[in-house]
1. Could you check the range 329-348 and list, in sequence order, the residues that are in a loop (DSSP other than H, G, I, E, B) and modelled with pLDDT of 95 or more?
2. Have a look at Tyr36, Tyr29, Tyr8 and point out the one that is surrounded by fewer than 24 Cβ atoms within 10 Å (Cβ to Cβ), under 24 Å from the mean Cα position of the chain (by Cα) and within 24 Å of Gly256 (Cα to Cα).
3. Could you please let me know if Lys229 is in contact with a strand residue (DSSP E or B) (Cβ under 7 Å, 6 or more places away or on another chain), under 30 Å from Leu22 (Cα atoms) and surrounded by fewer than 24 Cβ atoms within 10 Å (Cβ to Cβ)?
4. Of (1) in a loop (DSSP other than H, G, I, E, B); (2) in contact with a Gly (Cβ under 7 Å, 6 or more places away or on another chain), Leu282 satisfies all except one. Which?
5. Hey, does the range 292-304 have a residue that's among the aliphatic types (A, V, I, L, M), at pLDDT 95 or above and under 19 Å from the mean Cα position of the chain (by Cα)?
6. Answer yes or no as to whether Val135 is surrounded by 18 or more Cβ atoms within 10 Å (Cβ to Cβ) and within 19 Å of Asn69 (Cα to Cα).
7. In the list Val465, Val481, which residue meets the criterion of being outside any loop (DSSP other than H, G, I, E, B), under 23 Å from the mean Cα position of the chain (by Cα), of a type in the set (Val, Ile, Thr) and not assigned by TED's automatic domain parsing to the domain that holds Pro286?
8. Looking only at the range 1-25, which residues are without any contact (Cβ under 8 Å) to a residue 24 or more places away in the chain and in a loop (DSSP other than H, G, I, E, B)?
Amino acid sequence: MSTIPENYLPIPENLPDKIYPLPEVRLPYLLNPCQYFLDRHIEQGRGEQVAIIHRQRLITFNEFRSEVNRLANALAARGIAKYDRVMVRMPNRPEFIITCFACWRLGAIPVLTHHLLQSKDIAFRANDSDAKAIVVSADTFGPVREALNRCPTLKTVVVTQEPMDGHLFYDDFIADQLEESATVETTRKDWLRIIYSSGTTGNPKGIISEIGDMVAGIRVANKYLLKLKPDEVLGSPPAFTFAFGFFSILFFGESGCTLCIREDFDPEAMFQEIQDRRINVLRCVPTGLRMMLEMADAEKRWNLSSLRLCQSAGEVLPATVVKKWKDRFGVYILNSMGSAELNSYISTREQMPEDKMGSLGTALPSVDYRIVGEDLQEVPPGSLGELVVRAPWGQVYWRRPEVQEKNVVNGWNRTGLMFQVDDDGYFWLKGRSDDMIVSSGYKIPGGEVEEALLSHPAVHEAAVVPSPEPIRGFLVKAFVVLKEEHPDPEALAEELKDHVKSTIEPYKYPRVIEFVRGDELPRTTTGKIQRFILREREAQQNSPE
């Protein structure tokens, strides 16, 4: 059996305190995610129920379990064992979910890897996680091919869709394997997945979550928020490699519902799928929900009577969008706040008072919180401060002791979010303690975009801020000071966008570039750019409804 090196995990005194106030978060010590999220439903007689819908493919729980077991056996034959890390890279497809469950069957740890990452980003994650295998789709294989010679531990490469470069072809890899597989014993203290979250500076942070943390989190979220049942259908377009999208897999496993997945988002196709698949609950980022509102006469063109609830997260959801959805479609949108590190901890509810619209709702059951000042001491009620929380789950960083020490203080998890909490316990978000830009549900560190721009020979200075936009929530906007005047600014702007796309993840590129003189940027007395002033200007000039 493999082991995790001791220095890859935080020292005990920097681990979060956990509390277990409710029966649903008190879990047995022996707990395997594949048994809990899959076998349990078959044992309860749902084997012939449809588990996953993808395009025209319908997979029953029995078929799903069979493929999970065959992949687990194939990986085990390649030496994958408990605690080994296995990268998963593809859009939202059944094989993504199957790979995660196969890892859990073996006690291995899936490493979620976004399908738009470039080769250097793949190499970093492979080497940081010491991944031994990767399951990757053929249409996202190119950057993996480029990265392989920099990934010494990555010995097993399995490609879905079609054979590629002499690597293992998924269909052949599992074809001759048995449909039964032994479940490796795991406990609630073992590990469910690693996900990487970009920070404002430096390399991405690996976040590793205990099995018990994720099971407790999804039990609370389903019992008090979505309330999914086995005979319902959950629609989920957000990418599984983000925390919000990955939670759809857990909602599916917790409830035994049918999961209807999409690998891209198109509002017309989404409405059609709600009608055709009789979707009951839709989980979608605010950008997608706004795009759906743009569809004229959608409530007349499609039968949406099955849809009872939406859940949104990942970016700001204006109260006007919630109201328009309720008025047009008769469906309420839950706006939930969480993170890759901390699951969900705050959410609106279906029966919110009118005067609380615009807030992020109240703390979830089993979540304890404080609002603290810069000294991390609790501030008076109603005061502005940073939210810190304790729950049955907590944040644990992989191979980043300095991040762990900063973000978990005296057992409390720091969120980096600034809130005021009113007398009724409703949370009013006032900002972030960093410069993260959330656009279309993607979290984009402004500093990383600036660094990419500065690597271009024409750029002298750059300041990147969020610019409000009605569909995406915010656009990434860059104020750029050139080293010398350029004869064709429009052509240079496109060149800079392409440069950023080729330097960091493509989706992070600035959609808007404004060239300015150095003396036009607001600065401190020491010459540092005051980005908050630029943010305020953009907010005033481009505020959405």
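1. Start the filter on the range 329-348 by keeping residues that are in a loop (DSSP other than H, G, I, E, B), which leaves 330-331, 340-342, 348.
The answer is Gly330, Val331, Thr348.
2. Numbers: Tyr29 fails: under 24 Å from the mean Cα position of the chain (by Cα); Tyr8 fails: within 24 Å of Gly256 (Cα to Cα).
Step by step, each of Tyr36, Tyr29, Tyr8 is checked, and only Tyr36 is surrounded by fewer than 24 Cβ atoms within 10 Å (Cβ to Cβ), under 24 Å from the mean Cα position of the chain (by Cα) and within 24 Å of Gly256 (Cα to Cα).
3. On the way: in contact with a strand residue (DSSP E or B) (Cβ under 7 Å, 6 or more places away or on another chain): no; under 30 Å from Leu22 (Cα atoms): yes; surrounded by fewer than 24 Cβ atoms within 10 Å (Cβ to Cβ): yes.
Taking the combined requirement at face value, the residue does not satisfy it.
4. (1)
5. No; the residues of the range 292-304 include none that is among the aliphatic types (A, V, I, L, M), at pLDDT 95 or above and under 19 Å from the mean Cα position of the chain (by Cα).
6. Numbers: surrounded by 18 or more Cβ atoms within 10 Å (Cβ to Cβ): yes; within 19 Å of Asn69 (Cα to Cα): yes.
Taking the combined requirement at face value, the residue satisfies it.
7. So the residue among Val465, Val481 that is outside any loop (DSSP other than H, G, I, E, B), under 23 Å from the mean Cα position of the chain (by Cα), of a type in the set (Val, Ile, Thr) and not assigned by TED's automatic domain parsing to the domain that holds Pro286 is Val465.
8. Residues of the range 1-25 that are without any contact (Cβ under 8 Å) to a residue 24 or more places away in the chain, as a first pass: 5-6, 12-13, 23.
The answer is Pro5, and nothing else.
The values are calculated or read from the model by the stated rules, or taken from the named source; none is laboratory data. All of these numbers come straight from a predicted model, not from anything done at the bench. Backbone-built Cβ (ideal geometry, glycine too); neighbour counts: all protein chains shown.
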